[in-house]
Amino acid sequence: MSVEKIYVFKLFERFWHWSQASLIIFMLVTGFEVHGSYHLFGFAKAVGYHTIAAWTLIGLWIFAIFWHFTTGEWKQYIPTLEKVEAMIKYYALGMFTHAPHPFRATQLKKHNPLQRLAYLGVMLFIGPLLWFSGWFYLFYSEWNAWGVDKYVSLEWVALFHTAGAFFMLIFLIAHLYLTTAGHTPTSHIKAMITGWEEVE
Amino acid sequence: MLSKIKIALSTLVAGATVAALTAFATPAPAPAPAQMPANAAAPAQAAMPAATPVPAIKASNSTADHSKFKELQKTFKSAPEVTKACLTCHTEAAKQIQKTKHWTFEFINPETKQKLGKKHVINNFCTAVESNQKFCNACHIGYGWENDKFDFTAEQNVDCVVCHESTGTYRKVPGLSGHPTYKDMEFPPHSGKIVKAPDLSKVAQSVGKTSRANCGSCHFYGGGGDAVKHGDIDSSLTNPPRYLDVHMEKKGLNFSCGTCHMTSAHQVPGSRYAPTAADTKDAAPHMRGKADNSNPSTCQSCHGTKPHPAKMAKLNEHTDKIACQTCHIPEYARGQATKMTWDWSTAGKLTPEGKPITKKDSAGRNAYDSKKGDFTWEDHVIPEYVWFNGKVNYTLRETKLDPSKVVKINSFEGSASDGKSLIWPIKVFRGQQPYDSVSNTLLVPHTFGDDDTSFWSNFNWDKSLEAGMKAANAPYSGKYGFVKTEMSWPITHMVAPKADALTCAQCHSHNGRLKNVTGIYMPGRGDNNKWLDMGGWTIALLTLIGVLLHGAGRIYANRKG
């Protein structure tokens, strides 16, 4: 079993990942404080920080979307059911019996099928849920001018936004753990820092 | 700590100054303005008969010096004579006054058509004016209104000087039907305190623009004493420190009442019967000089609807839901304590010798008076908060009430969804007062008078209520009880400096200021969907447990090889 290294994550991608990760964690922390779950920064500061982080993340996403389409990297997220079953079997059993990883990352396919599905879910479901509810939240006082105040209530906007936050939190927990599920426990993490992934 | 000492000191100084300045002008017996326990010295000073001369009149920029007017350089035997002198030049003044509710004590609410005004309303303080005019009408801007025979068209009956004099020596004593005393008299009776007869010539020559003390000579003492009624209007506003009133501070903006209640032709804008609750979406803020019907005394008329700077833009997004006063008057009665409850049902207790009793509370405030019943007082009071759209409904004398419930003397209409309401701070005054237990209506007691039927002379409710209702020309079954009542007062004066305004978390928190305000979702208040919260945290926790178990399994499998 030989170990080789392939370059999977380009500089921008790594920058995107880590800044997005910090922003999301920070927004979870401040967001649940605004929600009233605990006291940390104080309500006023939590709202201020959350709003700044939101606009920063929006800026980051504009760059990221542009990057994905100009580089064609968006194709990395096209979902496939191929090997999904094998992946599930590997996580459920194979990992405990030293079975080989059913997926081998390449530059063209850097995500395993479960990752593809999970990340696509984050980008097409959790993301938009948070974005849209967040925007409505942010522009609460404009509803009247937009003429939507009859159809939207802050209670529901907050409900969707909070639901999105819970999805994101659950994704984060699973994601953090699965970073240790590479060729070695640290190979995924190293790859996201250096760009080079160790593969079998 | 330091700032607390500062506040205490400034209150002390202000309390003493105010007491000295207003001692002459008080129309009603002022309870010692007991404030914080630390201010033990202030009430002592306030209680002393103010013998200090009134401060010299500040140089005014008026083009007329009334002390040089021949018409006023004479001896006046009575106050109406002064009015006649005023009217020789100010020919239209009395006619203007006689159109105002300051004169008629009557106000027809244009929306509800209810007939209001002091002449008609029964409140839960002194209750009703009818049959007690001699006493109550010390605060009428006229002379001689002691019964229904009063001539509302006689121009010399208008009291010009109570609103315009500046000596501070002119005082309308309760019991004299709106007249000042013309010879030195003891007031309150048997108190040993002497009210001096004012020098009407000096009073007449001192006239000028209406000052805070002029308005205050009645409005500070509403409800029968200093600070009793409003909570946001009392004698501490005569010369308030900055922390008490950011607009009226003498060294600062030094507003008079009229700066906001910008009066034209003696019509004073602003009303508690038909207030402007939301000066926001529908009308542009009032502009000074613009000819329209808008109210110039709202905050918005000067500050607009987006008063906060750009870096506080989020606050501007609150102005369509929250009255400015909610954040900017964080507490009322910051100058001195205001009366919070008044229980008439306990009035009339006498000593075994048949003498009336008075009791003080631990802060030296009136806690019981045989004439009036039990009281409680509070200072630095956190208001209650309600949706309010400006429409007020009164329980009038003829309104049927349900004695099993707390009767709302006035109820503020409003809701989160009517598009016209803002969240307002209010003082709720609670008490018990007599009602007709057969017809279930409020009663008019005859409280003041030398006759045998007045409550204050013989402490007999049967006689008092019969006489009161007879004077009001209203039916009375002869059976009475006491019903619990509530009266609401919007808090709108004593605007604090911005540093003292509420901070976000005072409302956006569990058990915050707005915990009882319904109909809106407020982040941080705990309005969250409980099922979502429970489900979300449970799944997150299960995920965490799942990955930890998975990880532990991997480590175990690795060790085993």
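No lab work stands behind these numbers, since they all come straight from the coordinates. What you see is a predicted model, and the numbers here were worked out from it, not measured in a lab. Quick reminder, even Gly has a Cβ in these numbers, built from the backbone with ideal geometry, and neighbours come from all protein chains shown.
Long-range amide H contacts for B:Ile322: which residues qualify at under 5 Å (H placed 1.01 Å from N, peptide plane, sequence gap of 5 or more or a different chain)?
Answer set, sorted by chain and number: B:Ile423.
Kindly flag which residue pairs out of B:Lys84/B:Lys113; B:Lys193/B:Lys355; B:Lys134/B:Lys229; B:Lys115/B:Lys408 have an alpha-carbon separation exceeding 26 Å in this structure. It would help to have the intermediate numbers written out before the result.
Details: B:Lys84/B:Lys113 36 Å; B:Lys193/B:Lys355 20 Å; B:Lys134/B:Lys229 20 Å; B:Lys115/B:Lys408 17 Å.
Pairs exceeding 26 Å: B:Lys84/B:Lys113.
Spelling out what I want: for every residue of the range B:479-493, take phi, set θ = phi - 60°, compute 6.51 cos²θ - 1.76 cosθ + 1.60 (Karplus), and round to whole Hz; glycine and proline get x.
My calculation for the range B:479-493 gives 10, 10, x, 10, 10, 6, 10, 9, 10, 9, 10, x, 8, 9, 9 Hz in order.
Using only Cα atoms, locate the centre of the range A:156-197 and the centre of the range B:455-500, then give the distance between them in Å, rounded to an integer.
The distance from the Cα centre of the range A:156-197 to that of the range B:455-500 comes to 68 Å.
Taking R0 as 25 Å, what's the FRET efficiency between A:Thr97 and A:His175 from their Cβ-Cβ distance, rounded to 0.05? List each step's numbers first, then the result.
Details: r = 24 Å, r/R0 = 0.96.
Taking R0 as 25 Å, the efficiency between A:Thr97 and A:His175 is 0.55.
Which one, B:Ala323, B:His90, B:Ser345, projects farthest toward the positive side of the charge dipole computed for the protein assembly as shown from Cβ point charges (K/R +1, D/E -1)?
Selected residue: B:Ala323.
Could you work out the longest stretch of chain A that avoids the chymotrypsin sites (Phe, Trp or Tyr not before Pro) located in DSSP loops with at most 13 other Cβ atoms within 10 Å? Please list the in-between numbers first.
Numbers: sites that count: A:Tyr38, A:Phe139, A:Tyr151.
Here the longest run is A:39-138.
Express in whole angstrom the spacing between the alpha-carbon centres of the range B:199-233 and the range A:57-86.
75
For B:Trp377, what residues show an amide H to amide H distance below 5 Å, using hydrogens built from the backbone and excluding near sequence neighbours?
Placed amide hydrogens put B:Met340 under 5 Å from B:Trp377.
If you line up the long axis of helix A:11-35 against the longest principal axis of chain A, both from Cα atoms, how many degrees apart are they, to the nearest 10?
Helix A:11-35 sits roughly 40 degrees off the main axis of chain A.
On C-alpha positions alone, give me the angle between the axis of helix B:461-471 and the longest principal axis of chain B, in degrees, nearest 10.
70
I'd like the GluC sites (Glu not before Pro) in the range B:317-422 restricted to DSSP loop residues with at most 12 other Cβ atoms within 10 Å, sorted by number.
B:Glu353, B:Glu398
May I ask you to derive the FRET efficiency for B:Ser271 and A:Phe41 from their Cβ-Cβ distance with R0 = 51 Å, giving the value to the nearest 0.05? Mind dumping the intermediate values first?
Values: r = 43 Å, r/R0 = 0.85.
E between B:Ser271 and A:Phe41, to the nearest 0.05, is 0.75.
Just to verify a number: FRET efficiency for B:Ser362 and B:His303, C-beta to C-beta distance, R0 = 56 Å, to 0.05? Mind showing how you got there, number by number?
Details: r = 41 Å, r/R0 = 0.73.
In this case the efficiency is close to 0.85.
Rounding to the nearest 10 and keeping the result within 0 to 90°, find how far the Cα-based axis of helix B:2-22 lies from the longest principal axis of chain B.
Orientation of helix B:2-22: about 20 degrees from the principal axis.
Counting only residues 5 or more places away or on other chains, whose amide H sits under 5 Å from the amide H of B:Gln432 once H atoms are built in the peptide plane?
Under 5 Å from the amide H of B:Gln432 lie the amide H atoms of B:Trp342, B:Asp343, B:Trp344, B:Ser345, B:Thr485, each far enough along the sequence or on another chain.
Enter the mean number of other protein chain beta carbons within 10 Å of the beta carbon of each residue in A:34-47, as an integer.
That average works out to 5.
Pick out, in residue order, every one of the trypsin sites (Lys or Arg not before Pro) in the range B:397-465 that is DSSP loop and has at most 11 other C-beta atoms within 10 Å; say none if there are none.
Details: sites: B:Arg397, B:Lys400, B:Lys405, B:Lys408, B:Lys420, B:Lys427, B:Arg430, B:Lys463; in loops: B:Arg397, B:Lys400, B:Lys405, B:Lys420.
Here the trypsin sites (Lys or Arg not before Pro) that fit, given the DSSP loop and packing criteria, are B:Lys400, B:Lys405.
Which residues in the range A:181-200 place their backbone N less than 13 Å from a point set 7 Å from the Cα of A:Tyr7 along the Cα-to-Cβ direction?
Only A:194-197 pass the distance filter.
Can you pull the one-decimal nm distance between simple spin-label points at B:Thr91 and A:Thr184, each 7 Å off the Cα toward Cβ?
10.7
For the range B:164-270, which trypsin sites (Lys or Arg not before Pro) are both in a DSSP coil and crowded by at most 10 other Cβ atoms within 10 Å?
On the way: sites: B:Arg171, B:Lys172, B:Lys183, B:Lys193, B:Lys196, B:Lys202, B:Lys209, B:Arg212, B:Lys229, B:Arg242, B:Lys250, B:Lys251; in loops: B:Arg171, B:Lys183, B:Lys193, B:Lys196, B:Lys209, B:Lys229, B:Arg242, B:Lys250, B:Lys251.
Passing sites in the range B:164-270 are B:Lys183, B:Lys251.
Which value at 222 nm does the protein assembly as shown reach when only helices count, each DSSP H run of 4 or more adding -39,500 (n - 2.57), with the total divided by all residues and rounded to the nearest 500 deg cm²/dmol?
Details: 24 runs with 254 residues, N = 761.
Rounded to the nearest 500, it is -10000 deg cm²/dmol.
Measuring from a point 7 Å past the Cα of A:Ser19 along Cα-to-C-beta, which residues in the range A:151-195 have an amide N at less than 16 Å?
none
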